[in-house]
Amino acid sequence: MKIPEGILDIVDSCLLMSFVEDQTQVVENNIKECLVMFAKIGIACSEEFPNQRMLTKDVKVKLLEIKQKLSC
């Protein structure tokens, strides 16, 4: 899966505008990691068969994890 390498190519650049002022490598890597996590959630929720999809409770846990990473 090539999500990490191309994640910035598929994300709307407007989502990144608030982070432009703080362009440290740590912040940039953190944002990229969160975008990858978010994309993986989307893929997991889009499985063809419902029994293969990520459970809602697991989605909630992952989204809260992303929220925590971005609020640092």
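The values are calculated or read from the model by the stated rules, or taken from the named source; none is laboratory data. Bear in mind that the values here come from a model prediction, so they are computed numbers and not experimental data. Cβ coordinates were reconstructed from backbone atoms using ideal geometry, including for glycine residues, and neighbour counts include every protein chain displayed.
When residues of the stretch 47-63 are filtered for being of a type outside the set (Val, Ile, Thr) and either more than 29 Å from residue 27 (Cα to Cα) or loosely packed, with under 10 Cβ neighbours inside 10 Å (or both), how many remain?
Residues flagged as of a type outside the set (Val, Ile, Thr) and either more than 29 Å from residue 27 (Cα to Cα) or loosely packed, with under 10 Cβ neighbours inside 10 Å (or both) within the stretch 47-63 amount to 9.
With among the hydrophobic types (A, V, I, L, M, F, W, C) and modelled with pLDDT of 75 or more as the only criterion, which of 19, 49 stands out?
49
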